[in-house]
Amino acid sequence: MEKKGKDVWALVLPGGGLSCAIVVGIIAALTRMGAIFDIVVASSGDAGTASYLVSGQFDKMSVIWGLPLACKEFINWFRRPVINIDYLIDQIFGQDHKLDLVGLKRSKTKLFVSATNAKTGEVFFFSNHAHWRKWLDILRATKAIPIPWIYGKKVRINGEEYVDGAISAPIGANVQKAIDEGATKIIAIKDISGSGFSSFFLAVYSVFVDKGIRKAILNYCRNKNTCPQAPSGIDVFYIKPDQSPIRHTLDNNLEHIEAAKRKGSRIVENDAELRSFLEG
């Protein structure tokens, strides 16, 4: 895909825990088709994938979405908390498959990753150009599911505490961020149906959390499938995967992960409308 005219291309990713395996396949297929993005906006489970894409290390991320995630060190149902976000960030991203923070900073692509301010419930978008030195903690924050038996920690960055970015920035908020940053052509991947925590569960759970997090959760329940009306001159193409081989948000079964990646690639390869959109 060669850029035409003055279009500014954006890729918008929704988050969703291990269900984001399908996004890895989608991005791999888009990359093979020559897609180049000026802006990437991501939350939660997709933030690591976006970071490796923007730093020029997507091949590493494709490897990470395999055996490194399909291990008991990362997810263990007989342990509390179930998911070890710190292992993912410090061991996998920080050592075994090291994220190139300098490459992330120097990239021409603008990357924005959301996190939820635990006190106010408002979204804050961190930038790879302004906040690259703290990027591993930013990834920790955007993935910090605020449920104690799953993870439950708050992450302090620049004097503020943050939790999971997806609850304050569902897909619509991320699309709006891309628009605000000047995108004119946007490819957005919608949440995978049935793969996340139900709105009912989250609404009930919100009674037991701090006021700011409760505000964000309830806002997410109301708006998780709401997308903004694109202004004139801005085109948005939504990719809506159907049921994923990943059975739930914390399903790190290796066969399911690999099947989801293959399915993501097929979605792009078989979508004639998407190919037409890419060709302008």
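At a glance:
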{"quantity": "Single residue of the range 103-126 satisfying the filter (more than 19 Å from Thr49 (Cβ to Cβ) and among the aliphatic types (A, V, I, L, M)) that is farthest from the chain's Cα centre (by Cα)", "calculated": "Ala118"}
{"quantity": "Residues of the range 86-119 that turn out to be open to solvent by 50 Å² or more (accessible area, probe 1.4 Å) and either at positive phi or among the hydrophobic types (A, V, I, L, M, F, W, C) (or both), as a count", "calculated": "1"}
{"quantity": "Residues satisfying the stated conditions in the range 160-169, i.e. touching a residue at least 60 places away in the same chain (Cβ under 8 Å), open to solvent by 10 Å² or more (accessible area, probe 1.4 Å) and within 13 Å of Cys221 (Cα to Cα)", "calculated": "Ala166"}
{"quantity": "Residues that are of a type in the set (Phe, Trp, Tyr) and buried (at least 24 other Cβ atoms within 10 Å of the Cβ), drawn from the range 46-63", "calculated": "Tyr52"}
{"quantity": "Check on Lys177, within 24 Å of Gln91 (Cα to Cα) and either open to solvent by less than 30 Å² (accessible area, probe 1.4 Å) or basic (Lys, Arg) (or both)", "calculated": "no"}
{"quantity": "The lone exception for Glu122 - which of (1) touching a Gly at 6+ places or on another chain (Cβ under 9 Å); (2) surrounded by fewer than 20 Cβ atoms within 10 Å (Cβ to Cβ); (3) within 20 Å of His248 (Cα to Cα) it fails", "calculated": "(3)"}
{"quantity": "Residue list for the range 240-280, restricted to those being modelled with pLDDT under 95, surrounded by fewer than 16 Cβ atoms within 10 Å (Cβ to Cβ) and within 26 Å of Ile145 (Cα to Cα)", "calculated": "Lys240, Asp242, Gln243, Arg247, His248"}
{"quantity": "Residue count, the range 4-36 (criterion: over 23 Å from Ile89 (Cα atoms), out of contact with any Lys or Arg (no Cβ under 9 Å at 6 or more places or on another chain) and open to solvent by 10 Å² or more (accessible area, probe 1.4 Å))", "calculated": "7"}
{"quantity": "Cys227 vs. criteria open to solvent by 30 Å² or more (accessible area, probe 1.4 Å), assigned to a loop (DSSP other than H, G, I, E, B), closer than 20 Å to Ser114 by Cα and in contact (Cβ under 8 Å) with a residue 12 or more places away in the chain", "calculated": "yes"}
{"quantity": "Selection from the range 71-85 of residues that are in contact (Cβ under 8 Å) with a residue 12 or more places away in the chain, out of contact with any Asp or Glu (no Cβ under 9 Å at 6 or more places or on another chain) and surrounded by 14 or more Cβ atoms within 10 Å (Cβ to Cβ)", "calculated": "Cys71, Phe74, Pro81, Val82, Ile83, Ile85"}
{"quantity": "Test for Lys60: is it farther than 19 Å from Asp191 by Cβ, in contact (Cβ under 8 Å) with a residue 12 or more places away in the chain and basic (Lys, Arg)", "calculated": "yes"}
{"quantity": "Pairs, first farther than 21 Å from Asp191 by Cβ in the range 26-55, second open to solvent by less than 10 Å² (accessible area, probe 1.4 Å) and of a type in the set (S, T, N, Q), C-beta under 7 Å, six or more apart", "calculated": "Val54/Asn128"}
{"quantity": "Among the candidates Ala260, Ala216, residue that is under 16 Å from Ile189 (Cα atoms) and of a type in the set (Gly, Ala, Ser)", "calculated": "Ala260"}
{"quantity": "Residue in the range 37-45 that is farther than 22 Å from Asp137 by Cα and either open to solvent by less than 10 Å² (accessible area, probe 1.4 Å) or β-branched (Val, Ile, Thr) (or both) present", "calculated": "no"}
{"quantity": "Residues (hydrophobic (A, V, I, L, M, F, W, C) and more than 18 Å from the chain's Cα centre (by Cα)) located in the range 75-100", "calculated": "Ile75, Trp77, Phe78, Val82"}
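The values are calculated or read from the model by the stated rules, or taken from the named source; none is laboratory data. As the structure is a prediction and not an experimental result, all values here were calculated from the model. FYI the Cβ positions are ideal-geometry reconstructions off the backbone, even for glycines, and counts take in every protein chain you see. Areas reflect the complete protein model, heavy atoms only, side chains present, ligands, DNA and RNA absent. Shrake-Rupley method; radii C 1.70, N 1.55, O 1.52, S 1.80 Å.
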